[in-house]
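Comments concern the structure below.
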Amino acid sequence: MSAAIKNVTVIGSGLMGAGIAQVAAQTGHIVTMVDIDEMAVNKAEKRIGDSIKRVAKKKFGDDGDGAAEFISGSISRLGTSTDAVAAVGSADLVVEAIVENLNVKKKLFAELDKAAPSHTIFASNTSSLSITAIADATTRKDRFGGLHFFNPVPVMKLLEVVRIPETSQETYESMCDWGKAMGKVTVECKDTPGFIVNRLLIPYTLEAIRLLERGDASARDIDTAMKLGAGYPMGPIELSDYVGLDTSKFIIDGWHKSFPDVELFKPSPMLEKLVVKIAETTEETLATMNDWGKAMGKKVVLCKDSPGFITNRLFVPYLLSSIRLLERGIATKEDIDKACKYGLGHVMGPIELSDFVGLDTLVNVSEAWMKDYPGVQEFELPPLLKKAVDEGKFGRKSGEGFYKYSE
Ligand code: CAA
């Protein structure tokens, strides 16, 4: 039986910290949100105030009294502090969401380790650093893990629960139970770069920026292509802006430093200097194509004759990467799919989508691109995919792919 978490201290009141504190308060927890000064805390309180009204409106509709009670109850459970050490005195769980700097996080956790009760679970919401490296600063590695939320926290349903080898079963279960009490769908993940979602998301958004860099398509068309072609709620360029270009850059720079030979993790000059230059196409051709597309009832996007055009260029490497995650045992197929559905708002997860697209089709695309673009790691065929196709598992259409289908 895992111990129930009632008192939660959230360190950091930025976009993620404020979101985590808000949802914890909304779901009945006693919360202390901490930041270094009053100004930061006040800004977060304002953001929470706005967001909680949107949540209440959605939850209660015309029931004004219900909404008012929900808002005032949540706010009454949410305290603030500028003293992290004092704020962990009665915490069952501490969630850290401060700046992505390993030394700063280690220093903070080392101090909190001395001040928090022995039963307190420590968790980091880091999106780019190793949980093991952060936990090293404490004497409670069995009560340490990763709790990785998604922006906007009040809306995105996913919580990645990251275990390090030392995380006890009881701690893991407490973190999962707490995630469920927060109304989130939890997926289990090993302590690997990017966990599930970012490992798939960041190379995808970076490749979208590279499409821009190469002048293959415009930002608007890349976004439209992925929204209408793949059913994503946001295109990769607007999502990069939404996540924060600094965050993407920080993650990719860190991975590039650790894995300099991995093509997918190469930094993009455009991230440093976001100047978009789209090559001119003749106005006449554009007008003809636009008219035809509109007549067909479609939204038209323009792109150069490059591998996979827009949607497949971004999509296929993403699907292949998700199969590699499965191959490496980073997470189960169910959790990879849940991670992308609930963390990114996708209609289907990448593994079920691979089955839907057809595993034989993916093999064909990968083999053709490997031939045309030798040495490009992200196009390489994962052996697990090849094996499935060799065994006659083509996905949905053959009744079995990574999953089994009854009809
Ligand atoms: N607080 C509370 N509610 C919010 C909100 C917020 N901050 N933002 C949006 N909402 C609610 C709105 O109230 C609205 O509710 P209704 O359906 O009742 O109207 C609903 O969410 C939809 O909002 P909007 O109508 O304003 O806009 P939208 O339909 O375009 O949805 C979105 C906005 C939910 C952000 C959607 O575009 C989406 O799902 N985008 C993908 C976001 C994503 O992929 N996030 C993960 C990023 S990766 C990450 O965070 C990890 C990392 O480490 C980098």
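The values are calculated or read from the model by the stated rules, or taken from the named source; none is laboratory data. Owing to the predicted nature of the structure, the values given are computational and were not obtained by experimental measurement. Virtual Cβ from ideal backbone geometry, glycine too; neighbours counted across all protein chains shown. Note: areas computed on protein heavy atoms with side chains; ligands, DNA, RNA excluded. Shrake-Rupley method; radii C 1.70, N 1.55, O 1.52, S 1.80 Å.
Just to be sure I understand: with springs between alpha-carbon atoms less than 10 Å apart, which residue in Gly194, Gly392, Gly358 has the highest mean-square fluctuation in the Gaussian network model of the chain? The residue with the greatest mean-square fluctuation here is Gly392.
Full extension of the segment from Met234 to Phe60, taken as 0.36 nm per residue of separation minus the current Cα-Cα distance, would add 60.0 nm.
FRET efficiency for Asn103 and Val376, Cβ-Cβ distance as r, R0 = 35 Å, nearest 0.05? Computed FRET efficiency for Asn103 and Val376: 0.50. Extension gain, Val85 to Asn364, is 94.8 nm, computed as 0.36 nm per intervening residue step minus the present C-alpha separation. Residues in the stretch 7-190 average 42 Å² of solvent-accessible surface per residue, probe 1.4 Å, ligands and nucleic acids excluded. Between Thr332 and Asp37, how many nm apart are label points set 7 Å from Cα along the C-beta direction? About 4.8 nm, to one decimal.
The solvent-accessible area of Leu326, taken with every protein chain present and a 1.4 Å probe, is close to 40 Å². Under the simplified labelling scheme, the Val155-Asp177 pair shows an inter-label distance of 3.2 nm, with each label point 7 Å from Cα along Cα→Cβ. Across all directions, the shadow cast by the convex hull of the stretch 313-407 built on its C-alpha atoms averages 6.0 square nanometres. Label Asp241 and Ser72 with points 7 Å out from Cα along Cα→Cβ: what is the distance between them in nm? It works out to 4.0 nm between the two label points. Note on the stretch 109-204: the C-alpha convex hull projects to 6.1 nm² when averaged across all orientations.
Largest first, the residues Leu93, Leu228, Leu245 sort by 1.4 Å accessible area into Leu228, Leu245, Leu93. Past the 18 Å Cα-Cα mark, which pairs from Lys114/Lys141; Lys180/Lys333; Lys190/Lys227; Lys6/Lys114? Over 18 Å Cα-Cα: Lys180/Lys333; Lys190/Lys227; Lys6/Lys114.
Surface composition of the stretch 149-224: carbon and sulfur atoms hold 52% of the protein heavy-atom accessible area at a 1.4 Å probe. Run the paramagnetic zone check for Tyr403: 7 angstrom along Cα to Cβ, then residues of the stretch 344-381 with backbone nitrogen under 11 Å. Residues 348-356 qualify, since their backbone N sits under 11 Å from the label point. With springs only between Cα atoms under 10 Å apart, run a GNM on the chain and tell me which of Lys107, Lys387, Lys157 wobbles the most. So, out of Lys107, Lys387, Lys157, the one fluctuating most is Lys387.
Shown for the chain is the translational diffusion coefficient from the Stokes-Einstein equation, using the Kirkwood radius over Cα pairs, a temperature of 20 °C and a viscosity of 1.002 mPa s: 94 µm²/s. Estimated from the Cβ-Cβ distance and a Förster radius of 41 angstrom, the FRET efficiency linking Lys266 and Asp390 is about 0.80. Ranked from largest, the principal axis spans of the Cα set of the stretch 7-190 equal 49, 34, 27 Å. If I take R0 = 30 Å and measure r between the Cβ atoms of Ser258 and Glu166 in this structure, what FRET efficiency does the formula 1/(1 + (r/R0)^6) give, to the nearest 0.05? Efficiency for this residue pair is about 0.90.
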